[in-house]
């Protein structure tokens with residue numbers, strides 16, 4: 001999902017990928033897992049944002065969305081206290097998934113990401129927040 005699905009842009013391509021994953025899972029692992037268990041409304045999220053203040057970055061599944069939201073709000077408050085460029089962000093589901101993708105990319109050696117979208121959609125703001133969480137400069 002993180003390597004391939006995140007790069008797809010059309011709903012048809014994303015549906016094809018999910019259908020292919022489900023077919024492979026069913027054929028090769030004889031799993032009784034349903035599509036909604038993996039790709040339903042409750043999407044699986046992974047990241048190290050939950051434990052950034054600890055020594056090493058434990059990359060883990062994020063199960064508590066409320067706790068994640070509180071952590072992101074705290075990181076936004078920290079950013080706003082340290083920056084002259086204050087941001088007011090709303091952490092809806094897609095924004096949270098974008099932050100997790102950006103953060104995952106930033107923590108990789110030589111990590112880079114191309115964010116494409118209409119102006120004013122929050123690409124730069126989410127990148128500023130994610131980079132500040134990792135004590136990186138955003139230019």
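Centre-to-centre, using Cα atoms only, the stretch 89-127 and the stretch 14-32 are separated by 28 Å. Considering only alpha-carbon pairs that sit under 8 angstrom and 6 or more positions apart, the relative contact order computed for the stretch 64-139 is 28 percent. Taking other Cβ atoms within 10 Å as a rough exposure proxy, 100, 25 sort from fewest to most as 25, 100.
For the chain, a Gaussian network of Cα nodes joined below 10 Å ranks 110, 128, 101 by mean-square fluctuation, and the top entry is 110. Put in order of Cβ neighbour count within 10 Å, fewest first, the listed residues 10, 125, 83 become 10, 83, 125. Label 7 Å along Cα→Cβ of residue 94; the stretch 1-33 residues with amide nitrogen under 14 Å? Within reach of a label on residue 94: 9-11. With contributions of -39500 (n - 2.57) from each DSSP H run of at least four residues, the per-residue ellipticity at 222 nm computed over the chain stands at -15500 deg cm²/dmol. Build a GNM of the chain with springs between Cα atoms under 10 Å apart, and of 73, 22, 87 the one that fluctuates most is 22. Stretched out straight at 0.36 nm per residue, the stretch from residue 43 to residue 108 would grow longer than its current Cα-Cα span by 21.1 nm.
Go ahead and run the numbers for FRET between residue 61 and residue 16, Cβ-Cβ distance against an R0 of 35 Å, rounding to 0.05. Walk me through the intermediate numbers first.
Values: r = 25 Å, r/R0 = 0.72.
With a Förster radius of 35 Å, E is 0.90.
Rounded to the nearest 0.05, the FRET efficiency derived from the C-beta distance between residue 1 and residue 84 at R0 = 30 Å is 0.20. Comparing 34, 61, 93 in a Gaussian network model of the chain, where Cα atoms under 10 Å apart are tied by springs, the biggest mean-square fluctuation is seen for 34. By the count of neighbouring beta-carbon atoms within 10 Å, fewest first, 127, 33, 11, 105 end up ordered 11, 33, 105, 127. Extension gain for residue 115-residue 51 works out to 20.5 nm (0.36 nm per residue, less the C-alpha to C-alpha distance).
Read the figures in this text as sums done on the coordinates, not as results from a lab. The structure presented is a predicted model; accordingly, all values stated were derived computationally and were not measured. As a convention, Cβ positions derive from the backbone with ideal geometry for all residues, glycine included, and neighbour counts pool all protein chains shown.
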